[in-house]
Each structure stands twice: as structure tokens, then as C-alpha cells.
Amino acid sequence: MSNAVPPSTSAIQTTAQAEEPQRDSSFWRYLGAKLGGAAISLVMVVLLGFFAFKLLPGDPVAKIARERPMSAEQIETLREQYGLNKPLFQQFFDFIGNVFTLNFGESYVYRRPVSELIGQYFWPTILLTGTAAILAIALGLWLGQRSAWRHGGMFDKIASGVSLVFWSVPTFWLGLILLMVFGGTLRWFPTGGMRSPGAPTDPLGLTLDVIAHMVLPVLTMVAVVFAQYLMVMRSSLIEEMNADYLTTARAKGLREDLVRERHAVPNALLPTVTLVFMHIGGLIAGAVTVETVFSWPGLGKLTFEAIQGPDLPLLQGTFVVFSAIIIVMNLLADLIYRQLDPRVRRA
């Protein structure tokens, strides 16, 4: 028989009060480390954004001169105006100084400030990718938990098979097929753009017109993406299905649906959180293909047009913005995952 004396209530409270400042200190250290890592990543992105695009073939001033006949003096004046006649190291320091003031220069093609263009094209991209992300996450998680709970059954085989087929399909190819079938042959939806010429100007008519233009690009993005959420949710839930706490929940008389929704799914969501935040950043950055196929006036289409230039200031600006979004999403994923998983807090 053990002679150990259990700790008193006051001793437990004292221990808990002593651990609280340690948890706060641990959180600030964790936050500082993650912010430091994000800052270093952003600096590397800025450096890469300058030097990588300098290696692109093509002379933007020569391209402008081909489109509009110009004299040698005018070409030299244009190079001086864009700062292309300066030494590379001077261009680099000018670029670094401008980035910290969110001044990415003037677009060679649009002849407008790059920051102004990014601000104009940013929200259509957020509208398109945000809608697609919400639908893909909801559909993937719902199908994933249903497939896992009856894994090996007909529903699981059909859902997993269809999702894997769409996952393996190239995005541009699926977009073109949907465009030809539902936009060209059946004429159910608009084939491109964000608004129809002569669209209603009242709020309801304008909203319905934008929604009609969003159907095909959103459907393309959801079809290609939702399989990732389905497979992660399915595998996480299958690992949880033999846990002892689920047996205890069943022994209490809970129905299978309640056991799944109240106990198994919340624990299986942990790995999915990281994927969701990481993929939202990637989804925004990966909108180039879909926006180009459907002529959606967003950052992706703007980037595609900048590559054709090459419009170096615009390319550098969109590259930094896309990369910053991914870095911020990864940072949020790390912070939220720490709050959800106590093992990370104790590490």
C-alpha cells in the first residue's frame, strides 16, 4: 500500500499559477520565432523577386519600340525613365527602398503605378478564390468524413475515385472543357470576364450577373482542389475510429452520427487546419491559370499579361504580393495549430 500523500488543493492552485506565466512566456517566444521566420522568408522573396525577373529573356524597352516606332534618342530616354540604364546594384537598392514603401514603380504596359493596379485587381481575385476555397473546404471535409466513417463502401469508393480523377486533371484543361460545353455549346453561363456588356446596374441584377460569371471558374477550382481536403480528412478520421474515447462515447449510448460529429471529427480536424491555411495562400497564387482561361480581371490574369511584356515592375509587384499572402497564411496556420493542439503548446 502506498504511503504517498496527495497534493492539497492549495498546492495544485499554486502550481497552476506558477505555470501560467511560463505558458505566456512560451507563447511570446513561439510568436517571436514564427514572426522572425516569416520576416526572413519575406526578405528572401524580395531578393528573389528582383534577381529572378532580371534573368527573364526579352528587353521591355525594345518591345515597346517595336510596337511604336521610336528614335534612338527616345529609346534612350525611355531607358532612363525606367531606370534601366543604371548599374544593376543601383537598380537593386532603388527596388529595395521602394518595396518598403509599397512603391513597385510604374507598369511598362499600363503606364500606371503598379500598386494602383494591384489594388484594383486584388479584390476580384479574393472574391473568386475565396468563394472557391469555402466551397472546396466544405465539400471536401463533408465527403471526407462520410467516406471515412464507411470506408470501403460504395460511397467511399465513388467519392474517393471521382475526387482523385479531378485532382489529376490539369486545371487549364478542365477549365477549357467546361468553357466549351457550358459556355459555348449549351450557353448556360458567360464565357469570360466579370460582368456582361449592358448588365443591369441595380444591386440585385449586378450581383446575379457577377455570380453567373463566377460559376465556371469557381467550379473549375473546386473540382481540382476539394480532393485534397477529402483525402486528408478521410485518413485522419480513419486513424481516430479505433480510439478508446469513441468506444466510451458509444458505451454511453450516443448514436453513431453524434459520436462522429461531436468526438471523432473535431479531433480529426487538426491536420486539416494546416492544409486549409496553406492551401488558401496557394489557391490565391495559383489563380493565374483559371483567371487567364476565363478572362477574370484578377491578379492572376494581370500576372499573365505582365509575363508577356515582360513588364518587370508589374511582375515583381504581383510576385511579392502572392508570396506575402502565402507567408501570412502559413503564419496563421502555425498560430492556430498551436492553439488547437496542446502537444504543440507543451513542446
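Values for this structure:
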{"read-out": "Selection count where residues are under 17 Å from LEU127 (Cα atoms) and part of a loop (DSSP other than H, G, I, E, B), scope the stretch 197-214", "value": "0"}
{"read-out": "Candidate set: the stretch 220-244, residues that are modelled with pLDDT of 80 or more and open to solvent by 80 Å² or more (accessible area, probe 1.4 Å); chosen: the one nearest to LEU135 (Cα to Cα)", "value": "GLU239"}
{"read-out": "GLY317 being closer than 20 Å to ASN98 by Cβ, surrounded by fewer than 21 Cβ atoms within 10 Å (Cβ to Cβ) and of a type in the set (Gly, Ala, Ser)", "value": "no"}
{"read-out": "Residues satisfying the stated conditions in the stretch 62-85, i.e. of a type in the set (S, T, N, Q) and within 18 Å of GLY309 (Cα to Cα)", "value": "GLN81"}
{"read-out": "Residue list for the stretch 53-74, restricted to those being open to solvent by 40 Å² or more (accessible area, probe 1.4 Å), over 17 Å from GLU106 (Cα atoms) and part of a helix (DSSP H, G or I)", "value": "ARG66, GLU67, ALA72, GLU73, GLN74"}
{"read-out": "Condition met for HIS279 (under 21 Å from the mean Cα position of the chain (by Cα), open to solvent by 20 Å² or more (accessible area, probe 1.4 Å) and modelled with pLDDT under 80)", "value": "yes"}
{"read-out": "Criterion violated by ILE75 - all others in (1) under 26 Å from the mean Cα position of the chain (by Cα); (2) more than 30 Å from SER236 (Cα to Cα) satisfied", "value": "(1)"}
{"read-out": "Test: residue in the stretch 226-233 that is of a type outside the set (Gly, Ala, Ser), farther than 18 Å from GLY140 by Cβ and more than 18 Å from the chain's Cα centre (by Cα)", "value": "no"}
{"read-out": "Selection within the stretch 303-337 - in contact with a Pro (Cβ under 9 Å, 6 or more places away or on another chain) and among the small types (Gly, Ala, Ser)", "value": "ALA306, GLY309"}
{"read-out": "Test for PHE189: is it assigned to a helix (DSSP H, G or I), surrounded by 12 or more Cβ atoms within 10 Å (Cβ to Cβ) and among the aromatic types (Phe, Trp, Tyr)", "value": "no"}
{"read-out": "Evaluation of ASP209 against (1) touching a residue at least 12 places away in the same chain (Cβ under 8 Å); (2) open to solvent by 60 Å² or more (accessible area, probe 1.4 Å); (3) over 30 Å from MET278 (Cβ atoms) (one fails), failing number", "value": "(2)"}
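The values are calculated or read from the model by the stated rules, or taken from the named source; none is laboratory data. Predicted model, so just to flag it, every value in this text is computed and none were measured. Methodologically, a virtual Cβ is constructed for each residue, glycine included, from the backbone with ideal geometry; neighbour enumeration extends over all protein chains shown. For accessibility, only protein heavy atoms count, side chains too; no ligands or nucleic acids. Shrake-Rupley method; radii C 1.70, N 1.55, O 1.52, S 1.80 Å.
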